[in-house]
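To start, the structure under review is shown below, and the notes come after it.
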Number of protein chains: 2
Amino acid sequence: MNISLSTLKRLPIYLHYLKNIADSRRYISATFLARELALGQVQVRKDLSAVGAGGKPKTGYETNELKSRIESVLGCKSRASAILIGAGNLGRALLAHNGFRDFGLYVLAGFDTDSRVVGKEFSGKMIYHIGGLEEYLKTNNVRLGILTLPDAYAQETADKLIAGGVRGIWNFTNTHIKHPQSVAVQSENMAASLALLNMKMANK
Amino acid sequence: MNISLSTLKRLPIYLHYLKNIADSRRYISATFLARELALGQVQVRKDLSAVGAGGKPKTGYETNELKSRIESVLGCKSRASAILIGAGNLGRALLAHNGFRDFGLYVLAGFDTDSRVVGKEFSGKMIYHIGGLEEYLKTNNVRLGILTLPDAYAQETADKLIAGGVRGIWNFTNTHIKHPQSVAVQSENMAASLALLNMKMANK
């Protein structure tokens, strides 16, 4: 499926809205949705057509079917196991965020070097010592690694994850991760987001 | 200045690298930088030209000048005061993240309703009761509001922030924020990022 990044970014917004109204409305029109979410009508129609939803003239889209299609595209119906490396403030916040399950991501455990967190559970997830990473990857089927550790350790840890069979890396560090073509990397860059917001503000 | 989102996302990566080597190299070439960061040479040249950096044939870019230009674009030299609404796990992680200062963002305080956090300091920032938000905005010059509260309260809180003079909103909720043209909103959508990573993995 070929869905643009801008459409993809709006899908969780539609989904969030549809979940809240699904019981009260069997059908929903693009016009109504556009007005409720303060989006353009053309944009809404384009987004919904990108997920393969077909609206009927006058009645609109069936709410539950539309919700289901968006959930499929967002991976809510899939199931991927993940581990998190770096149980500092951001890492622990992500461990506590149960919302990832709604999108098919199950975080199994965390890894760190700090003796204050190793061996403890946070939000029901055990933090292991990083020294046991390779062994853990051998005995567990981990598809995804989340990097919330200091920048300086990002590349070597990514290398270990990839060698251990991880196919995707969600990178919250400022390090550019070198990786083979067979592995997908998605970087969350808070600094770039902040810079983008600053620029938007300056241009208002 | 007109800088593409993809260039903007790479700027913190260059900056991070340049900060680490600035003392050891007076000049740096695009070829060298591209190889070190595993990026394309053409891309690096385009990115650096977008920030207004002029490289000299053979010698390359002056490392410190390049660093300084990127810092300007990323807003590192500006100073914006922010408050954070919602001192839950993610909110407290962001309060603890001193790295925002490097990008000109100073978080003054947090707001919440939970009596377990109200009146306490986290990472040196006081958490006030949300009931005092309007008064706080009257007496402090706050340019930016960070929303890390439950989705259901996002819009009403954004409305209060905007009424109180806030010009930018950094939205970590799943709610689409309706706002006047004069206000900039930047949404961080973890779900969309996760979906994007899932899609990248599926296409490998």
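Might you tell me the accessible area per residue for segment B:1-109, computed with a 1.4 Å probe and given in Å²?
Values: 5260 Å² over 109 residues.
Heavy-atom accessible area per residue stands at 48 Å².
Skipping prolines and chain starts, which residues have an amide H placed within reach, meaning under 5 Å, of the one on A:MET126, given they are 5 or more residues away or on another chain?
A:GLY110
Mark the label point 7 Å from the Cα of B:THR59 along Cα→Cβ and return the residues of segment B:11-43 whose backbone N is within less than 13 Å of it.
Answer for segment B:11-43: B:26-29.
Starting from the amide H of A:SER187, placed 1.01 Å from N in the peptide plane, find each other amide H under 5 Å away whose residue is 5 or more places distant or on another chain.
Under 5 Å from the amide H of A:SER187: A:ASN171.
Expressed as a whole number of Å, what is the distance separating the alpha-carbon centroids of segment B:82-151 and segment B:12-33?
Measuring centre to centre over Cα atoms gives 34 Å.
Might you work out the accessible area of B:LYS204 for me, using a 1.4 Å probe with all protein chains in place, and round it to the nearest 10 Å²?
120 Å²
What ranking, highest mean first, results for peptides B:19-32, B:189-202, A:40-53 when packing means the other Cβ atoms within 10 Å averaged over each residue? Write out the running numbers ahead of the final one.
Details: B:19-32: 14.4, B:189-202: 20.7, A:40-53: 16.6.
In descending order of packing, they fall as B:189-202, A:40-53, B:19-32.
Can you list the residues in segment B:1-34 whose accessible area drops by at least 10 Å² when all protein chains are present, compared with the chain alone? Use a 1.4 Å probe, heavy atoms only.
Listed in order, they are B:MET1, B:ILE3, B:LEU5, B:LEU8, B:LYS9, B:PRO12, B:ILE13, B:HIS16.
Based on the alpha-carbon gyration tensor of the protein assembly as shown and its eigenvalue square roots a ≥ b ≥ c, which shape applies: rounded if a/c is under 1.5, prolate if not and a/b is larger than b/c, or oblate? List each step's numbers first, then the result.
Values: a/c = 1.30, a/b = 1.19, b/c = 1.10.
Rounded is the answer for the protein assembly as shown, as its axis ratio a/c remains below 1.5.
Suppose every Lys and Arg Cβ carries +1 and every Asp and Glu Cβ carries -1, with no other charges. What dipole size does segment B:40-136 come out with about its Cα centre, to the nearest 20 debye?
Values: 13 positive and 10 negative charges, 113 e Å.
Roughly 540 debye, rounded to the nearest 20.
Tally up the carbon and sulfur contribution to the accessible surface of the protein assembly as shown as a whole percent, 1.4 Å probe, everything protein left in place. Numbers along the way, then the final one.
Numbers: 9220 of 19360 Å².
Ligands and nucleic acids excluded, carbon and sulfur give 48 percent.
Run the numbers on chain A and let me know its relative contact order in percent, using alpha-carbon pairs under 8 Å that are six or more apart. Numbers along the way, then the final one.
Working: 279 pairs, mean separation 27.9, N = 204.
Relative CO of chain A lands at 14 percent.
I need the shape label for segment B:60-204. Rule: rounded when a/c is under 1.5, else prolate if a/b > b/c, else oblate, with a, b, c from the alpha carbon gyration tensor. Show your work: numbers first, answer last.
Numbers: a/c = 1.67, a/b = 1.24, b/c = 1.34.
Here segment B:60-204 falls in the oblate category.
What pairs from A:LYS77/A:LYS120; B:LYS77/B:LYS125; A:LYS178/B:LYS204; A:LYS125/A:LYS160 go past 26 Å between their alpha carbons? Walk me through the numbers before you get to the answer.
Details: A:LYS77/A:LYS120 30 Å; B:LYS77/B:LYS125 22 Å; A:LYS178/B:LYS204 16 Å; A:LYS125/A:LYS160 21 Å.
Cα-Cα > 26 Å for A:LYS77/A:LYS120; rest within.
What's the total accessible area buried between chains A and B, using a 1.4 Å probe, rounded to the nearest 100 Å²?
Values: alone 12250 and 12260 Å², together 19360 Å².
For chain A against chain B, roughly 5200 Å² becomes buried.
Which whole-number value in Å² is the accessible area per residue of segment B:132-180, probe 1.4 Å? Display every interim value, and only then the final one.
On the way: 2160 Å² over 49 residues.
Accessible area per residue: 44 Å².
Determine the residues within segment B:103-118 where the difference in accessible area between the chain on its own and the full set of protein chains amounts to at least 10 Å²; count protein heavy atoms only and use a 1.4 Å probe.
Going by heavy-atom accessible area, the residues of segment B:103-118 that drop by at least 10 Å² are B:PHE103, B:LEU105.
Nearest 0.05, what FRET efficiency do A:ASN203 and A:THR139 give at R0 = 60 Å with Cβ-Cβ as r?
Details: r = 52 Å, r/R0 = 0.87.
The calculated FRET efficiency here is 0.70.
For the residue pair B:SER123 and A:ALA38, what label-to-label distance in nm results when each label sits 7 Å from Cα along the Cα-to-beta-carbon direction?
In this crude spin-label approximation the distance works out to 2.7 nm.
The values are calculated or read from the model by the stated rules, or taken from the named source; none is laboratory data. These numbers come from a predicted model, not from an experiment. Using ideal geometry, Cβ is built from the backbone for each residue, glycine included, and neighbour counts are taken over all protein chains shown. Side chains included, ligands, DNA and RNA excluded: accessible areas come from the protein's heavy atoms. Shrake-Rupley method; radii C 1.70, N 1.55, O 1.52, S 1.80 Å.
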